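Have a look at the structure below, then the notes.
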Amino acid sequence: MQTILGASGQIGRELAISLKREFTSDIRLVSRNPEKVNDTDTLLSADLLDAAQTLRATEGSDIVYFTAGLPMDTSQWVAQFPIMMRNVIDACAAHNAKLVYFDNTYMYPQNSTPLTEDSPFSPNGTKGKVRAEMVLQLLDAMHSGRVQAMICRAPEFYGPGQTQSITNSAVIDALAAGKTARVFLRDDTLRTLIYTPDASRAMAWLGNTADAYNQTWHLPCDDQRVTYRQFVSIAADVFRTAPDYKVLKPWQLSLATLFSKQAREVAELLPRYNADNLFVSDKFKARFPDFAVTRIRDGLAAIARERQPSS
């Protein structure tokens, strides 16, 4: 059996689809309020902050995918994420289950240096430090032989469904509604974006590849890196709307932090928008040359089709 912890998020849902389509029908979905994605899924409600519930959620699993997220709230990240990671590691060790951890790039330097699996950690804020702490927990368990695991890392998302990202909320959702998109700091820096179905499908491939374990993998992205100016142009063309956007300057974003908790929560991530974001996924592409990465225009077209009103 293959178990997805955090199955209610977009990555977990897409992962369930990919696993069923390509690998197995024996899938358990775990979250606080799980819902079936495939008709053959089994459901289990669990709180990953509870060690006993986490142990029960992973029992009988051959592979466990840790895709659970938390709201963009620093205090919750500090208080909860390290406990969740410890409970998941302990549960997988107890059941001799392989662990696939879905990670982000918050712990990386936020500059224009190309990012590979060997890039050093240099978090810019508290959320980045928490993510680095979680990875170090897992690396220690891997290197000590407690668990057989891998780290699957992805840059910023864009995608269908309930994909949660700045690109979705500030650009795609706005343009799809015929409104003005918002771009942080600059519109001329190159962005590496990952299409959420690609991220989940790649993780399914990795999880079901025996020699991929005990390594870190950058999940595959379109090598057509674009600026937000170009992204808005492509998205507007796909959504058949005007390519209207405004660049939010540093002073505007600083002012917003005085009145908006959401603005304060994303403040530590802003430097990444002031420099090229060059996330390198060559290792995955060399190992899986047959994996078809979705081009940006094709991904946006799929999002547009999903949002068309049904007749």
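Read-outs: derived from the displayed coordinates by stated rules, not from any lab. What you see is a predicted model; the values in this text were computed from it and never measured. Glycine gets a Cβ as well: all are built from the backbone with ideal geometry, and neighbour counts include every protein chain shown.
The alpha-carbon of K127 sits under 24 angstrom from the alpha-carbons of these lysines, leaving out residues fewer than 8 places away in its chain: K249, K261.
For every other residue with a beta carbon closer than 13 angstrom to the beta carbon of M134, add +1 if it is Lys or Arg and -1 if Asp or Glu, then tell me the sum. Every neighbour counted, the sum reads +2. Given R0 = 25 Å, the distance between the Cβ atoms of T180 and D223 translates into a calculated FRET efficiency of 0.30.
The Cα atoms of the chain give a gyration tensor whose axes a ≥ b ≥ c have a/c of 1.5 or more with a/b greater than b/c, which makes the shape prolate.
Taking all C-alpha pairs of the stretch 1-69, those more than 17 Å from each other amount to 29 percent. Normalised size of the stretch 100-199, defined as Cα radius of gyration per 2.2 N^0.38 Å with N residues, equals 1.26.
For the stretch 215-225, backbone phi angles converted through the Karplus equation (6.51, -1.76, 1.60; θ = phi - 60°) give residue-by-residue couplings of 9, 9, 10, 8, 6, x, 10, 5, 6, 7, 6 Hz, Gly and Pro being listed as x.
Estimated from helical segments only, the mean residue ellipticity of the chain at 222 nm is -12000 deg cm²/dmol, where each DSSP H run of four or more residues counts as -39500 (n - 2.57).
Residues H95, H143 in ascending order of nearby Cβ atoms (within 10 Å, fewest first): H143, H95.
Scanning the chain for DSSP H helices at least 15 Å long along the axis (C-alpha atoms) with a Kyte-Doolittle mean no lower than 0.5 picks out 228-239. The listed peptides 272-282, 256-266, ordered by packing as a protection proxy, come out as 272-282, 256-266 (highest mean of other Cβ atoms within 10 Å first).
The Rg/Rh ratio for the stretch 1-151, using Cα coordinates for both the radius of gyration and the Kirkwood hydrodynamic radius, is 0.97. For the stretch 255-310, the gyration tensor built on C-alpha atoms gives an oblate shape. Its axis ratio a/c (a ≥ b ≥ c) is at least 1.5, and a/b is not larger than b/c.
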